[in-house]
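Down below is the structure, laid out as structure tokens.
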Amino acid sequence: MPAIEILGLEKIYNAGFWRKRSKRALRPLTLAVEEGEIFGFLGPNGAGKTTTLKILMGLVFPTAGSARILGMELDDPRMKAQIGFLPEQPYFYDHLTARELLHYYGQLSGVDGKQLSPKVEAVLEQVKLSDSANVQLRKFSKGMLQRVGIAQAILHDPKVVFLDEPMSGLDPMGRREVRSLIEDLKARGKTIFFSTHILSDAEALCDRVGIIHHGELRGVGAVAELTAGVHGKVEIIWQGARVPDGIRTMGAECRAAGETMRVTVPEENQDAALEALRRERLRLISVVPVRSSLEDYFVAQLDAPVKSEAVSSQS
Amino acid sequence: MNSRVFHIATNTFREAVRDRVLYNLIGFALLMSAAAVLVGQVSIQIERLVVINLGLTAVSLFGIVIAIFIGIGLVSKEIDKRTLYTVLSRPVRRWEFIAGKFFGLSGTLVVNTFFMAIGVFAALAYVSHHFVSSDFGVLIALYFIVLQFIIITALALFFSSFSTPIFSAIFAFWLFVIGSFAQDLRNFSAMTHGLVRWLVTGAAYLVPNFSALNVITQVAHGEPVPLNLIVLNTIYALVYSIAVLSAAVLIFERRNLK
Amino acid sequence: MIASRRVTAIAGTLLVCSMVSAALLIQAVDDLRPAAPLQEMLYISSPKLLKRLCLGYDGLLADIYWTRAVQYFGGTHSRGGGTYKLLWPLLNITTQLDPHLIAAYEFAGTFLLAKPPEGAGDPAKAIALVQYGTQNNPNDWHLFYDLAFIYYDLKDYRNSAFAFLRGSQLPDAHPFLKIMAAQMAEHGGDLNTARMMWTATYETTHDKMIRANAAAHLRVIQVDEDLTGLEPLVEKYRARTGRFPESFTEMISAGIIRSIPLDPLRHPYRLEPGGRIVVSNPDELPFLDQGLPSGYVPRPPKLSPVD
């Protein structure tokens, strides 16, 4: 049974005073996330990532379609006891201290009274906020709020954790901590669904990703599979400071690094480039394939025409 | 009461206290002290009357202002600040959230009124140097004022569940004003005809019956409050609040929280 | 740094000067404006409208209006009295807002009744107001007493007796109500009755101004009695000597009186040519209708509240 199952989820907003203007926030979305996976939900701002998460959290009601988490309906309290949610740019009751907030949330999640305090302390330790536990949240910096957010999402030991832009507002140290936290959660067997527009994070962490744009899912799969489809590049390094004509005509940018020159050219031009070097008797140092990045795949998908446009004009 | 409602209620109370709402008690204490000391010099023969009238009126007005000011933000503030998201993603049902907020604010007002009651009785003791049995009526008047607070809280919460704070404040305030004339409105409807009569009668019964909950003048003159009025008012406040809260839940359950 | 100090100095000076000028301007404007007309002073003159507007807090508003009424009366009185145009509207609003404010009816009974410059001099309104009070407070004997008093002052002894009777039938009624009912029925016009009435008022009221008023009236009765006693003695002197005495000393020498007679304020009476006995300080004895020096023009009264 998939941890998260989304079937044809759709959301149309009726905006404007007379509610005549309709806006499609989410075209019918179908997606499944297996237990124990880290799934990255990628897309530019306004793509529909947050809308999807809000529907899953029961904050927004879909216009069509359904979804299940851990096999249970979205409004089932038993299901909610087993999920955690970190919203985008979170904000918490600023009259409470971090410790009080976590106690409150723990109570709401139904954490047993005796276990609550040790769990709160443990999770504070985990997000490195033990020292600021008694400071009122109104005094917290953005990064600290983000960490409290993660703490409250995992406090009650949920099976599935939903994170909306978990790295936003964090400095590189913070981001690394969050990354290791997510890996740690996976190691404990949890399923993680997080949305982001920072592709390098997704590339590093995710087992699978889904790309969403204009409310439509453009591609789903393991990172390696997705990037394999895109034509790769090779990086060629040779000794010397000269650029052979053959390579110059390719139009690729050559960079000098110490006593060597390097250039990145598309895979199909590899043979021609090596031939050019050989003709000029330049000494080849290395030829290394550069994996196409997720970014390439991402950009390619975003440029692709909207698939379901034709379908929707019929409905 | 289930534990989630209880926890939301205590958190709402804690939030009100930390937002320094109880500081209004200082203003109230100053007012009552000034009144107790000055009343003998300004009015003649009616010190007790003035202290009770002024004290109870102040308790009523202060409390209604607090009920409206905090009530209008109970839901809308949580939506604006998005603190609601992490609450509703937990096993908290939407109606539990509304119920918790309601009990939290009502509880705050009861505590506030308790301290104010001490102030009123202190001022009364100061001007008349002893208590008479009719002073028990002051407690009844205070109880009715608390019932008024409960109704206003429910109304403010209702408006907060779908409207912005400004409009919620305006609606709640106007309902309070019209509710004070509720009895006059009902009498007036008897003199109208046709569609107007329908509308006026509808309004007269829809609007909270605050005129019956105000016994300040009676109590100030030491007149007793009949027991069946106490019973009927209690039931009315309960029933009306339940109606309003049900409406709030109906709206809130369906709301998309963007 | 220097710039901000300069700004501070300028802003500070501006602040002080503007505040002072504003205060002075307010004074100037006050002097310019004539005394505000009646309606404006009342702001809202309709009691029914006020009752609606006060959202059920009519008890407090009634107390406020009662305080205004008392201060209005006291203020006008200390400035020399007048017609007290606002007194009835203020008392009317007070009692409409709170029909159980007994003190207001008592005040009306005394000061709406009294003639200018002592009071508003409107007995009809006084009666109407006190009767409204008896309707709303049927078990309070004080109100019937007030009503009886008004009728007595209007020399309507029959209605006065009737009011006393109705009051005496109430529970806790003061025993003198019954006595007064009988007294009024038989001897309404007597000085003795007057004295009993004013003494009763003096002793039962808690209101300082009403008490001062009663004391002043009691003094008038005393003067009337004194004059009634002294005039025959003056006549006796004239019969003996053929002329009017020029001073009381002469009468003492003639053995007609033993000492110089003193008025209730312990000032000696004087003799005018023609044998009229007058008081020395008429200003201090308001309500006096006999024994006033010739050519005396009554000045605005001054009731001292502690009497």
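No lab work stands behind these numbers, since they all come straight from the coordinates. Note that the coordinates shown come from a computational prediction; the quantities given were computed from them, not determined experimentally. Ideal geometry is used to build each Cβ from the backbone, glycine not excepted, and the neighbour counts take in all protein chains shown.
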**Asked** Out of region A:119-177, which trypsin sites (Lys or Arg not before Pro) are coil in DSSP terms and have no more than 16 other C-beta atoms within 10 Å?
**Response** A:K128
**Item:** Length-normalised contact order of region B:3-254 in % [C-alpha pairs under 8 Å, at least 6 apart]
**Value:** 28
**Asked** Between the helical axis of C:141-153 and the dominant principal axis of chain C, each derived from Cα atoms, what acute angle in degrees is found, rounded to the nearest 10?
**Response** 60
**Item:** region A:168-196 residues near the modelled A:S141 label - backbone nitrogen below 18 Å, point 7 Å along Cα→Cβ
**Value:** A:168-179
**Asked** Can you sort B:I26, B:I64 by how many other beta carbons sit within 10 Å, fewest first?
**Response** B:I26, B:I64
**Acute angle (nearest 10 degrees) that the helix C:2-32 long axis makes with the longest principal axis of chain C, alpha-carbon atoms** = 30
**Complete:** Quick note on B:T57, C:T134, ordering by fewest other C-beta atoms within 10 Å, gives C:T134, B:T57
**Prompt:** Can you sort A:H103, C:H187 so the residue with the fewest Cβ neighbours within 10 Å comes first?
**Reply:** C:H187, A:H103
**Request:** Name the residue, out of A:P87, A:P289, A:P158, whose mean-square fluctuation peaks in a Gaussian network model built on chain A with Cα pairs under 10 Å.
**Result:** A:P289
**Prompt:** Taking the Cα-to-Cβ direction at C:I2 and at A:E5 and moving 7 Å from each Cα, how far apart do the two end points lie in nm?
**Reply:** 8.2
**Asked** So if we plug the beta-carbon distance of B:N187 and C:Q71 into 1/(1 + (r/R0)^6) with R0 = 35 Å, what FRET efficiency do we get, rounded to 0.05?
**Response** 0.50
**Message:** As a test, work out the antiparallel percent of DSSP beta bridges whose residues both lie in the protein assembly as shown, rounded to the nearest 5.
**Reply:** 70
**Asked** Hey, in the GNM for chain C with a 10 angstrom Cα cutoff, which one of C:A114, C:A215, C:A254 fluctuates hardest?
**Response** C:A254
**Request:** Could you list, in their original order, any pairs among A:K20/B:K101; C:K115/C:K236; A:K142/B:K101; C:K178/C:K208; A:K114/B:K258; A:K114/A:K186 whose Cα atoms are separated by more than 32 Å?
**Result:** A:K20/B:K101; C:K115/C:K236; A:K114/B:K258
**Prompt:** Under 22 Å Cα-Cα from A:K139, which lysines qualify once same-chain neighbours fewer than 8 residues away are excluded?
**Reply:** A:K128, B:K77, B:K81
**Message:** Could you tell me the center-to-center distance, by alpha carbons, between region B:83-108 and region A:13-51 in angstrom?
**Reply:** 27
**Prompt:** In deg cm²/dmol and to the nearest 500, what is the mean residue ellipticity at 222 nm of the protein assembly as shown if only DSSP H runs of at least 4 residues count, each as -39500 (n - 2.57), divided by the residue total?
**Reply:** -18000 deg cm²/dmol
**Asked** Using a Gaussian network for chain A with springs between C-alpha atoms less than 10 Å apart, which of these wobbles most: A:H95, A:H156, A:H197?
**Response** A:H95
**R0 of 41 Å, Cβ-Cβ distance B:L38-A:K20: FRET efficiency to nearest 0.05** = 0.05
**Item:** Degrees between helix A:172-187 axis and first principal axis of chain A (Cα, 0 to 90, nearest 10)
**Value:** 70
**Message:** Multiplying the sequence separation of C:L14 and C:L265 by 0.36 nm and subtracting their Cα-Cα distance, what value in nm do you get?
**Reply:** 84.4 nm
**Fill in**
Length-normalised contact order of chain C, Cα under 8 Å, at least 6 apart, in percent, tallies to 10
